[in-house]
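The values are calculated or read from the model by the stated rules, or taken from the named source; none is laboratory data. All values reported here derive from a predicted model rather than from experimental measurement. Here the Cβ positions follow ideal geometry from the backbone for every residue, glycine too, while neighbour counts run over all protein chains shown. Each accessible area value is taken on the protein alone, full model and side chains, heavy atoms only, with ligands, DNA and RNA left out. Shrake-Rupley method; radii C 1.70, N 1.55, O 1.52, S 1.80 Å.
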Amino acid sequence: MPPGTVQPFIMRFDTGSVPVGYLTLSSETKTIGQIQDQALFKVRPMFASIPGVSAPPPFGGAQRTVVIRADPERLRAYNLSADDVVRAMTAGNAISPSGNIRTVEAMPLVPVNSMVVKPEELGDIPVRPGVYVRDVVRRDPVTDKPLIEDASDIPTGYALINGRRAVYILVTKRADASTLDVVNGVRANLPKMQAVLPDDIKVGFEFDQSPYVTNSVRGVAMEAALGAVLTGLMVLVFLRDWRSVIVVVLNIPLALVGSVVALWATGQTINLMTLGGLALAVGILVDEATVEVENIHTQMDRTDSIALAVRRGNAETAVPRLLAMLCILAVFIPSFFMQGAARALFAPLSLAVAFAMVASYILSSTFVPVLSVYLLRHAGYHGRAQGSGVLSERFRRGLGVVTRLRAVLVPVYLAVAGVAVWLAARQIGTDIFPRVDAGEIQLRLRAPTGPAPGRGPEGLARDYIPV
């Protein structure tokens, strides 16, 4: 590559390798080149040592560069070219090994450090005998000093923090890293990074993406708690037995734990999609235990042995519960035939639902029967069965009427459902992700081609951001 070309930064990128925040550096006194220099040589090495983080180069600033402004007239007067000056600079400002010093106990490698300390000292480098760099560069019209400046390279990025030029480093996690671990690691190292920087350069962490994950975890916990309360309430209302509520409700957290363990065993992570799958599964994974407990109550009206009633209830519902679980799993099978980003998004969600349902079926066939034997009591079921028999009889009669009218009801249902889907499809919008209120706002501006000279992003922002 040509001299001065920045080395490429190569990283593995997929849907899990996304920026989880911005590490920002700003100052009220330092130039943007000095901030960039501190970010590149002091902050970035510490940043790269954080587990799970890939360390891209800083953005928003310009590389600190010593700028030498050669004078074409002076070059022609000395019969020199710009390449002659470049070769002289390369040869006169370098670090090279000179050999070893042999002592009694050691033989250290001794370098020759011919690099200058101050930019002005570059003017003393000879271009050819009798001609120095200071003789061929432009001079300050006021001080008549050679124009050798500690400045910055041509800027290729621009960043503002509270109205001031700043530098930022993308906090990009590796594909196998945890968002929460990466964010916590960055925040824990902020004091160490601030300690190696000058006092007038402030380092901060902006656009933190970890609240999305934590809010999703809270959402799953809330869904589980709400599902447990509502399910327990329905069991209590219809079966009038608080012990049955305990049996059914305990199935929810155990099924979720089983799904999380299965996700870990298959190499999945806790992310927005798997958490969404767990939240979706909460509403349906209680069906297995509820159906079995209800059938156990039915069998307890036919026998005085609780253990026998539990065994019969488990045996009678085993196949129907299995078919119900398989029907639910069949709905998610098409997600595994998707390609690209769609598969990466929806396959983890489907796995979370599938593992939760399988865990619920296994628990309803093992944990629920054992716990029912120990918790359920037989007293009073015959009386309640007589009261519930009236409701069952009425339901049976109503079901018979509906079944006899199926030739009319089925076409009417399909027609109404089809019209409803068609009307809803015309009104609803389409997007990859739903809109959410994250408490932040991001604006992306595209300025017209060829803006007026001297107009910075601040001026363009004032013109094109509506107030």
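Would you confirm, using the coordinates I've provided, whether residue 355 is open to solvent by less than 80 Å² (accessible area, probe 1.4 Å), modelled with pLDDT of 90 or more and closer than 30 Å to residue 270 by Cα?
Taking the combined requirement at face value, the residue satisfies it.
Return a yes/no flag: does region 117-133 have any residue that is modelled with pLDDT under 75, more than 30 Å from residue 155 (Cβ to Cβ) and among the small types (Gly, Ala, Ser).
no
Within the set of pairs 6+ apart or on separate chains, which have a first residue in region 304-332 that is aromatic (Phe, Trp, Tyr), a second that is surrounded by 12 or more Cβ atoms within 10 Å (Cβ to Cβ), and C-beta atoms under 7 Å apart?
From residues that are aromatic (Phe, Trp, Tyr), the pairs are 332/350; 332/353; 332/354.
Quick one: in region 124-146, which of the residues that are part of a strand (DSSP E or B) and either of a type in the set (Gly, Ala, Ser) or within 25 Å of residue 36 (Cβ to Cβ) (or both) is least open to solvent (accessible area, probe 1.4 Å)? Don't jump to the end; show me each part of the working.
To start, the set of residues in region 124-146 that are part of a strand (DSSP E or B) comprises 126-128, 131-132, 137, 139, 146.
Remaining after also requiring either of a type in the set (Gly, Ala, Ser) or within 25 Å of residue 36 (Cβ to Cβ) (or both): 137, 146.
Numbers: 137: 1, 146: 45 Å².
Among those that are part of a strand (DSSP E or B) and either of a type in the set (Gly, Ala, Ser) or within 25 Å of residue 36 (Cβ to Cβ) (or both), it is 137.
One line per residue, one yes/no per condition, for (1) open to solvent by less than 40 Å² (accessible area, probe 1.4 Å); (2) among the hydroxyl-bearing types (Ser, Thr, Tyr); (3) over 26 Å from the mean Cα position of the chain (by Cα); (4) at pLDDT below 80:
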{"residue": "221", "(1), (2), (3), (4)": "no, no, no, no"}
{"residue": "234", "(1), (2), (3), (4)": "no, no, yes, no"}
{"residue": "238", "(1), (2), (3), (4)": "no, no, yes, yes"}
{"residue": "250", "(1), (2), (3), (4)": "no, no, yes, no"}
{"residue": "254", "(1), (2), (3), (4)": "no, no, yes, no"}
{"residue": "271", "(1), (2), (3), (4)": "no, no, no, yes"}
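Within region 144-186, which residues are more than 26 Å from the chain's Cα centre (by Cα), β-branched (Val, Ile, Thr) and modelled with pLDDT under 80? Show your work before the answer.
Start the filter on region 144-186 by keeping residues that are more than 26 Å from the chain's Cα centre (by Cα), which leaves 144-156, 163-165.
Checking which are β-branched (Val, Ile, Thr) leaves us with 148, 154, 156.
Within region 144-186, 154, 156 qualify.
Residue check, residue 110 against (1) within 20 Å of residue 27 (Cβ to Cβ); (2) at pLDDT below 75; (3) of a type in the set (A, V, I, L, M), all met but one. Which one?
Among (1) within 20 Å of residue 27 (Cβ to Cβ); (2) at pLDDT below 75; (3) of a type in the set (A, V, I, L, M), the lone unmet condition for residue 110 is (1).
Can you name every residue in region 182-193 that is crowded, with 16+ Cβ neighbours inside 10 Å, out of contact with any Leu (no Cβ under 9 Å at 6 or more places or on another chain) and of a type outside the set (Val, Ile, Thr)?
If we filter region 182-193 for residues that are crowded, with 16+ Cβ neighbours inside 10 Å, which is where we start, we get 182-183, 185-186, 189, 193.
With out of contact with any Leu (no Cβ under 9 Å at 6 or more places or on another chain) added as a condition, the list becomes 182-183, 185, 189.
Of everything in region 182-193, those that are crowded, with 16+ Cβ neighbours inside 10 Å, out of contact with any Leu (no Cβ under 9 Å at 6 or more places or on another chain) and of a type outside the set (Val, Ile, Thr) turn out to be 185, 189.
Is there any pair linking a residue in region 362-374 that is touching a residue at least 12 places away in the same chain (Cβ under 8 Å) to one that is surrounded by 15 or more Cβ atoms within 10 Å (Cβ to Cβ) and not in a helix (DSSP H, G or I), with Cβ under 9 Å and at least six apart or on different chains, and which?
363/250; 367/250; 368/250; 371/250
Given (1) in contact (Cβ under 8 Å) with a residue 60 or more places away in the chain; (2) open to solvent by 70 Å² or more (accessible area, probe 1.4 Å); (3) over 19 Å from residue 58 (Cβ atoms), identify the lone condition not met by residue 162.
Exception for residue 162: condition (3).
Yes or no: residue 67 at pLDDT 80 or above and not hydroxyl-bearing (Ser, Thr, Tyr)? If you could, list the steps in order and put the result at the bottom.
Working: at pLDDT 80 or above: yes; not hydroxyl-bearing (Ser, Thr, Tyr): yes.
Taking the combined requirement at face value, the residue satisfies it.
Residues to consider are 393, 458; find the one that is at pLDDT below 65 and among the charged types (D, E, K, R). Before you say what the answer is, go through the steps one by one.
Numbers: 393 fails: at pLDDT below 65.
One residue alone meets the criteria, 458.
For region 420-435, give me each residue that is over 25 Å from residue 341 (Cα atoms) and open to solvent by 80 Å² or more (accessible area, probe 1.4 Å). Quick ask: steps written out before the conclusion?
So in region 420-435, the residues over 25 Å from residue 341 (Cα atoms) come out as 420-424, 426-427.
Listed by number, the residues that qualify are 421, 422, 423, 426, 427.
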